[in-house]
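Please read the structure below before turning to the comments.
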Amino acid sequence: MSRRRWLGLAVLLIVLLCVPLVVHSDYLLNVADIAGIYAIAVLGLGILLGFAGQLSLAQAAFFGIGAYASGYMTVHWGWPVLPSMAVATVFSGLIGLGLGWPCLRLSGHYLALATIGFGIITQLVLINWTSVTNGSDGMTGIPPPSIGPFTLATYGQYYYLVLASLALCAYVAWRIKSTRPGRALQAIRENELAASATGIDPTRYKIVAFVLAGAYAGLAGSLLAHSIKFLSPDSYSFDQSVIFLVMLIVGGSGSIGGAVLGAVLLTFLPEALRPLKTSYIMVYGAAVIAMIIFMPRGLAGLLSAALGRDAATAARPLANPAQPAEAKGA
Amino acid sequence: MNAADAQAARESGFLQIRGLLKRFGGITAVNALDMTVRDGDVHGLIGPNGSGKTTTLNIISGLYRVDGGSITFDGTELVGRPAHAIARLGVARTFQNIRLFAQLGALENVMIGRHVRTRVGFLGAMLPFGAPAREERATREYAYDLLTFVGLERMAGKVARSLPYGDQRRLEIARALASEPRLLLLDEPAAGMNPTETDALVTLLRRIRDRGTTLLLIEHDMNLVMTVCDRITVLNFGQHIAEGTAAEIARNPDVITAYLGGAIDAA
């Protein structure tokens, strides 16, 4: 990455770190926490779909598995929160392995259908396995995380846990994308036959992508569990998987910044449309359609095009004597 | 190994195909094919359309399963191994209908070609310094050198899809060379090239052979085949009908029959 991009990233991080100091609304901070949590799940989908080209509509299922796993360990076993979250992340990744393995022979629509099936099964399990999940009544009494004697009790404090997790996840995704394993994933996306003739084992790489997508969603789910402290199976439906997919596509599916932007934008948009009451979903839907039509490469594509144009226009005045800047200097 | 042994090994075949059989439904695409490619040769595989040339190449590189026969490469059986394992053994290829990683950069395409010669995995990738970063730099430099070797260094940053057709063919060759193959399979490398590009290709193929890579190529451009190939195998209806040097092939009556359809009297 160029020095300019590093600088931009550092500034962005500082701004993000300051958010809870400036924003005091619990409501807004809660939405910000959710946005960050969704961004992690969308990043995971970005590795699977954006990098490896494997379409999964089960991301909400892994989100739910992570949420319930972490909730269960803390509520029923009395485990501390942070280790539970770590275990829930690993557990979701392993379930991802369980989904990825049998789905390896599938691609395109068939893969999408299989993952939809997995999502529906997962939700049915969450509803009906009442001894573990408490069924439709939901799981309650989930504790907030604490670090030593310090408990993350407010949304503002929780924000930092979400931000740190998101930064870590974005870092991992960025490292993968810009190195050998990420190139192998993209090669599989671009042309699986050529990838295997190049010595890449598509099976192995696709499985790792499924595991990573599952783990990302699991971490996001466990973060959600200890933020809202109440779990109900209807939050982990097929609809939620579609929302994650839309966030990724609107953001720009191969891009890390795009995945995060898409998640943040589409988390805040419904909140901003709240004054429209029930008709908000219509406007929301229209906005999403418009974004997909007018930004085929997503927000990331739009931004890079805008930045590219900026660079070009910044260079032009030097060559063009008619520019006012030049005239002023003369 | 003394010189006589080395010569014997060379004669017995670097790539040896015996009794190869491949059916698609009721059609026998490759029928009991025997063929030998010697180490260090440029070996041509020619024949009329539908004679099983591409099928043979696809079998060697592990993209098709066979219905019988054996292929040994430097003593190792290839039949039954997956494509990626065959690539790892040192067999690389290009495709008749170019198969680049279209949305990735030219340089990245070649870097991906380096996959089997590099090691960094998902864990190593997390380190932005140290050995993984060194490997990444070395891969980039190696890929850039290969782009220069095929004359595409100015295209390094371009998206593969945006390159002109002839350049895409050369990029595919560079990607294949990145794995440092001992055997390179080329499926119609001159297809769609103009005469100037074809001349440049002839030079490139010779330089590749001089690096120590054995070449097996399918080509319809007879001029190219006769110019660069040390030996030629002719297929018809999935069967081997002739094998020899360009001069031998040119006057083989079976070959003339296969190409011109029907017997002709020697003038």
**Prompt:** Among the residues of the range A:171-184, which ones are open to solvent by less than 30 Å² (accessible area, probe 1.4 Å) and more than 9 Å from chain B (Cβ to nearest Cβ)?
**Reply:** A:Ala173
**Item:** Number of the condition not met by A:Phe210 [criteria: (1) in contact (Cβ under 8 Å) with a residue 12 or more places away in the chain; (2) touching a strand residue (DSSP E or B) at 6+ places or on another chain (Cβ under 8 Å); (3) within 14 Å of chain B (Cβ to nearest Cβ)]
**Value:** (2)
**Item:** the range A:267-300, residues that are touching a residue at least 24 places away in the same chain (Cβ under 8 Å) and either outside any helix (DSSP H, G or I) or within 14 Å of A:Met247 (Cβ to Cβ) (or both)
**Value:** A:Thr267, A:Phe268, A:Val288, A:Met291, A:Ile292, A:Met295, A:Arg297, A:Gly298, A:Leu299, A:Ala300
**Request:** Taking A:Gly53 as the residue in question, decide whether it is touching a Lys or Arg at 6+ places or on another chain (Cβ under 7 Å) and surrounded by 19 or more Cβ atoms within 10 Å (Cβ to Cβ).
**Result:** yes
**Request:** Scan B:Phe149, B:Phe122 and give me the residue that is within 20 Å of the chain's Cα centre (by Cα), open to solvent by 10 Å² or more (accessible area, probe 1.4 Å) and modelled with pLDDT of 95 or more.
**Result:** B:Phe149
**Asked** Which condition number does A:Tyr110 fail, the rest of (1) assigned to a helix (DSSP H, G or I); (2) within 23 Å of the chain's Cα centre (by Cα) being met?
**Response** (2)
**Asked** Failed condition for A:Pro143, given (1) of a type outside the set (Lys, Arg); (2) assigned to a helix (DSSP H, G or I); (3) more than 19 Å from the chain's Cα centre (by Cα), with all others met?
**Response** (2)
**Asked** So, of the residues in the range B:105-119 that are small (Gly, Ala, Ser) and more than 8 Å from every other protein chain (Cβ to nearest Cβ), which turns out to be surrounded by the most Cβ atoms within 10 Å (Cβ to Cβ)?
**Response** B:Ala106
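Residues are listed down the side, and each one gets a yes or a no for (1) among the basic types (Lys, Arg); (2) more than 16 Å from the chain's Cα centre (by Cα); (3) within 27 Å of B:Gly52 (Cβ to Cβ); (4) surrounded by 17 or more Cβ atoms within 10 Å (Cβ to Cβ):
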| position | (1), (2), (3), (4) |
| --- | --- |
| B:Arg161 | yes, yes, no, no |
| B:Ala190 | no, no, yes, yes |
| B:Arg211 | yes, no, no, no |
| B:Cys229 | no, no, yes, yes |
**Message:** Against the condition buried (at least 23 other Cβ atoms within 10 Å of the Cβ) and over 17 Å from the mean Cα position of the chain (by Cα), how does A:Ala61 come out, does it pass?
**Reply:** no
**Request:** Kindly establish whether B:Ile249 is among the aliphatic types (A, V, I, L, M) and either within 18 Å of the chain's Cα centre (by Cα) or surrounded by fewer than 20 Cβ atoms within 10 Å (Cβ to Cβ) (or both).
**Result:** no
**Prompt:** Of all residues in the range A:138-158, which are farther than 13 Å from A:Ser227 by Cβ, open to solvent by 40 Å² or more (accessible area, probe 1.4 Å) and among the hydrophobic types (A, V, I, L, M, F, W, C)?
**Reply:** A:Ile147, A:Phe150
**Prompt:** In the range A:251-285, which residues are among the aliphatic types (A, V, I, L, M), more than 19 Å from A:Val31 (Cα to Cα) and surrounded by 18 or more Cβ atoms within 10 Å (Cβ to Cβ)?
**Reply:** A:Ile256
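Residues are listed down the side, and each one gets a yes or a no for (1) in contact with a strand residue (DSSP E or B) (Cβ under 7 Å, 6 or more places away or on another chain); (2) surrounded by fewer than 19 Cβ atoms within 10 Å (Cβ to Cβ); (3) of a type in the set (A, V, I, L, M, F, W, C); (4) farther than 29 Å from A:Gly53 by Cβ:
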position: A:Ser136; (1), (2), (3), (4): no, yes, no, yes
position: A:Gln186; (1), (2), (3), (4): no, no, no, no
position: A:Leu193; (1), (2), (3), (4): no, yes, yes, no
position: A:Gly199; (1), (2), (3), (4): no, no, no, no
position: A:Leu231; (1), (2), (3), (4): yes, no, yes, yes
position: A:Ser235; (1), (2), (3), (4): no, no, no, no
**Exclusive hit being open to solvent by 20 Å² or more (accessible area, probe 1.4 Å) and free of Cβ contacts under 8 Å to residues at least 12 places away in the same chain, set A:Leu161, A:Leu168, A:Leu104** = A:Leu168
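The values are calculated or read from the model by the stated rules, or taken from the named source; none is laboratory data. What you see is a predicted model; the values in this text were computed from it and never measured. When we count neighbours, we look across all protein chains shown, and the Cβ atoms used for this are built from the backbone with ideal geometry, even at glycine. Calculation scope for accessible area: heavy atoms of the full protein, side chains included, ligands and nucleic acids excluded. Shrake-Rupley method; radii C 1.70, N 1.55, O 1.52, S 1.80 Å.
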